[in-house]
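Since the structure comes first, as structure tokens, the remarks are kept for the end.
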Amino acid sequence: LTQDQLKTLVGQAALQYVTPGSIVGVGTGSTVDKFIDALGEALKKDAGFVAGAVSSSVRSTQRLQALGVKVLEAETVTGLGVYIDGADEIDHGGHMVKGGGAALTREKIVAELAERFVCIADESKLVGTLGKFPLPVEVIPMAAAQVIRAFAQLGGTGKVREGVTTDNGNIIVDVTGLQISQPAEFERDVNQWPGVVTVGVFARNKASVCLLGTAEGVKTLNF
Ligand code: DER
């Protein structure tokens, strides 16, 4: 099975976690795109399959609206049953590195609204320790240099992601060379640094379940 086929498998499997007629939280990325495709198929059979969606990015909003899904602003809902999103890495505790698609801030906001975070990923994303994937950090532009120096103190090498401005008008620093063995502490510490908007470690908002696409089919990891 190709990586694209694995993403399709898990995108379809995620439909089982959506309560019919509910408002669904939707993340960002190529695996989530497969979930949105599957949602489109479900809506063809039952136009009321979802009542609406809260989206984590302009990219996902456009894809959902193309299906005729009503996209609601996060501030208009008080909670969601489920949030469906991908990850760049996920460890055996359900902690994730996210932000490859530069949507980490809104992803974390929408994830915070949801009772359950359903992560959909191909097996290449499951790791022992987070940090092999360059860690995305959303930063207020004027703080970039000092944040990069702070990561250097931790043995990390930070680099501003060229040509990317987030939906919030900030920049992304990607940090290589980190081993994030205590994700919750790391997230809490870095979140406090002046100028850091969001660090791409999802420990507070870790996954409740991960649908992992493997050559043997979809593996369900519960955390
Ligand atoms: O940017 C993000 O957080 C995405 O969810 C990313 O982590 C997964 O993107 P992919 O499904 O395209 O690999």
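Observations, loosely collected:
- Residue check, V10 hydrophobic (A, V, I, L, M, F, W, C), within 16 Å of the ligand (Cβ to nearest atom) and closer than 25 Å to D122 by Cα: yes
- The strands (runs of 3 or more DSSP E) falling completely within the range 172-223 that include 1 or more residues that are within 22 Å of F151 (Cα to Cα), of a type outside the set (F, W, Y) and open to solvent by less than 60 Å² (accessible area, probe 1.4 Å) map to 196-199.
- Of note, T31 satisfies the criterion of being buried (at least 23 other Cβ atoms within 10 Å of the Cβ) and either farther than 19 Å from V118 by Cβ or in contact (Cβ under 8 Å) with a residue 40 or more places away in the chain (or both).
- Some residue of the range 135-144 being within 30 Å of L9 (Cβ to Cβ), among the aliphatic types (A, V, I, L, M) and modelled with pLDDT of 95 or more: yes
- Any pair with Cβ under 6 angstrom, 6 or more apart, that starts in the range 170-195 at a residue that is within 17 Å of G99 (Cα to Cα) and ends at one that is part of a strand (DSSP E or B) and open to solvent by 40 Å² or more (accessible area, probe 1.4 Å): N170/V197; I171/V160; V173/V160; D174/K159; T176/T157; G177/T157
- Residue match in the range 67-80 (condition: within 15 Å of the ligand (Cβ to nearest atom) and either within 24 Å of K34 (Cα to Cα) or surrounded by 14 or more Cβ atoms within 10 Å (Cβ to Cβ) (or both)): no
- Among residues of the range 109-120, those that are away from the ligand (no atom under 11 Å from the Cβ), of a type in the set (A, V, I, L, M) and assigned to a strand (DSSP E or B), counted: 2
- Any hit, the range 104-111, residues being more than 10 Å from the chain's Cα centre (by Cα) and either at pLDDT below 95 or open to solvent by 40 Å² or more (accessible area, probe 1.4 Å) (or both): yes
- Every pair of residues 6+ apart whose Cβ atoms lie under 6 Å, when the first sits in the range 84-99 and is more than 16 Å from S55 (Cα to Cα) and open to solvent by 10 Å² or more (accessible area, probe 1.4 Å) while the second is assigned to a loop (DSSP other than H, G, I, E, B) and more than 9 Å from the ligand (Cβ to nearest atom): D91/V127; H95/A203; H95/K206
- Among all residues of the range 138-159, there is none that is assigned to a loop (DSSP other than H, G, I, E, B) and within 14 Å of the ligand (Cβ to nearest atom).
- Look at the range 12-24: where a residue is touching a residue at least 12 places away in the same chain (Cβ under 8 Å) and a partner is open to solvent by 60 Å² or more (accessible area, probe 1.4 Å) and hydroxyl-bearing (S, T, Y), sitting 6+ places away or on another chain with Cβ atoms under 9 Å, you get A13/T220.
The values are calculated or read from the model by the stated rules, or taken from the named source; none is laboratory data. In this text, all values refer to a predicted model and were calculated from it rather than measured experimentally. Note: ideal-geometry Cβ built from the backbone for every residue, glycine included; neighbour counts use all protein chains shown. Accessible surface is based on the protein model in full, side chains and every heavy atom, while ligands, DNA and RNA are left aside. Shrake-Rupley method; radii C 1.70, N 1.55, O 1.52, S 1.80 Å.
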